[in-house]
Amino acid sequence: MAQHQGSHSNRIFIKGTLKGEYYPIFSPEDRNPKSGSFIRTYSLFCHQANAWYMRKELTNFIKYARQFTRFADIGSAEGFYSALFASMHPKRAEILSVDCGSETGCIPLHSQSVIQQNSEAFKPKNWKYTKAYITGPEKKTPEFSLPLDCQIATLAEILEQEKFDPEIIKLDIESSEFDALGDSAMLRYLSTHRPILIIEVHNLELRQRGLRFAETLDKLKHIGYKVEDYDTPDYLKSDNCHVVLSCTNSEVLKCR
């Protein structure tokens, strides 16, 4: 799935969906001895590029992301998908990477290194990193600790704050997809702007909270969204899965 070429020990070539298609990305280099071993993030990136059970998630992302140049990566962690998007659209990509920056999920200094190195390589039109914990309008705090400079906000608030209207949004926020997408303000935003949605559905965590993704899906269908792709057909029951949705009332080009 990935190839390692050239003199750059931290460069990973990710296989696309077309014959001979590869996209290079750069994992963090060990530039700061206080930032933790870069091997951790390098290994994580290799895993995301190579694991057989993640291949459908990856190919679905590439399939849809190649059509657009404005991407919001919500729950970006160290930035694998943000870097891949930058590589797919050199000099044209506009990226908003959002993560809470908690060390329970990533190494924040590595996120900055990924942005720096991949920006140097692919020169995106703009790439902003925002430290925020995305939740619903109740602004409930998580059970884990957040950095002092992390704001708690709804997704609609962050997009308004950054003045950023993405054409494609990827969410991987550990069951908070229920809170973020169920927010009435966000539903109004989606109804107006109609971006493609790629959602990691955390059914196991949702069940533990007494929630069901089916409720969120019903709200999205009500404003014109439908499921276009998935990595497992049992996406309402599988413990963890990914779905791609597009707005049927949109003029957005759909993959067929």
Along the positive direction of the dipole of the range 102-256 (beta-carbon charges: Lys, Arg +1; Asp, Glu -1; about the Cα centre), which of Pro147, Thr192, Ser119 reaches farthest?
-> Thr192
Run through the DSSP bridge list for the chain and note the antiparallel percent, rounded to the nearest 5.
-> 45
Sequence-distant or interchain residues sharing an amide H contact under 5 Å with Ala93, placed H: which?
-> Lys125
Taking the range 127-256 as the region of interest, what is the percent of Cα-Cα pairs per 5 angstrom bin, listed from the shortest bin to the one with the maximum distance?
-> 2, 10, 20, 24, 20, 15, 7, 2, 0
Give me the log10 of I(q) over I(0) for the range 143-190 at q = 0.13, 0.14, 0.26, 0.31 Å⁻¹, as the Debye formula computes it from C-alpha points; what are the numbers?
-> -0.33, -0.39, -1.18, -1.35
HN-Hα couplings for the range 130-143 via Karplus (6.51, -1.76, 1.60; θ = phi - 60°), in whole Hz with x for Gly/Pro, come out as 10, 8, 8, 9, 8, 8, x, x, 6, 6, 5, 7, x, 6
Exceeding the 25 Å Cα-Cα cut-off - candidates Lys140/Lys226; Lys139/Lys237; Lys125/Lys163; Lys63/Lys139; Lys19/Lys128; Lys56/Lys237 = Lys140/Lys226; Lys139/Lys237; Lys63/Lys139; Lys19/Lys128
Nearest 10 degrees, 0 to 90: what angle lies between the long axis of helix 213-222 and the longest principal axis of the chain (Cα atoms)?
-> 70
Compute log10 of I(q)/I(0) for the range 174-230 with the Debye formula, placing one identical point scatterer on every Cα and leaving out solvent, at q = 0.21 Å⁻¹, to two decimals.
-> -0.79
Spacing of the two label points (7 Å from each Cα toward its C-beta) at Ile39 and Lys56, in nm = 3.4
Amide proton proximity set for Tyr22, modelled H, under 5 Å, gap of 5+ | Gly16
Calc'd 3J(HN,Hα), the range 191-206, phi into Karplus 6.51 cos²θ - 1.76 cosθ + 1.60 (θ = phi - 60°), Hz, glycine/Pro = x, comes to 4, 7, 9, 6, x, 5, 10, 10, 10, 7, 9, 9, 4, 4, 5, 5
Computed over the Cα atoms, what is the radius of gyration of the chain divided by 2.2 N^0.38 Å, N being its residue count?
-> 0.96
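What size of dipole, in debye to the nearest 20, comes out for the chain about its Cα centre when the only charges are +1 on Lys and Arg C-beta atoms and -1 on Asp and Glu C-beta atoms? Working shown, then result.
On the way: 32 positive and 33 negative charges, 169 e Å.
Here the size comes out at about 820 debye.
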Any residue on another chain or 5+ positions along whose placed amide H is under 5 Å from the amide H of Ser175 is listed here as His202
Dipole-positive endmost among Phe80, Gly136, Thr248 within the chain (Cβ charges, Cα centre) = Thr248
Helix 38-50 vs. the chain, principal-axis angle (Cα, 0 to 90°, nearest 10) | 60
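Just so you know, all these numbers are worked out from the coordinates, no wet-lab data involved. All figures in this text were calculated on a predicted structure; none of them were measured in a lab. All Cβ positions, even for glycine, are placed from backbone atoms using ideal geometry, and neighbour counts span all protein chains on display.
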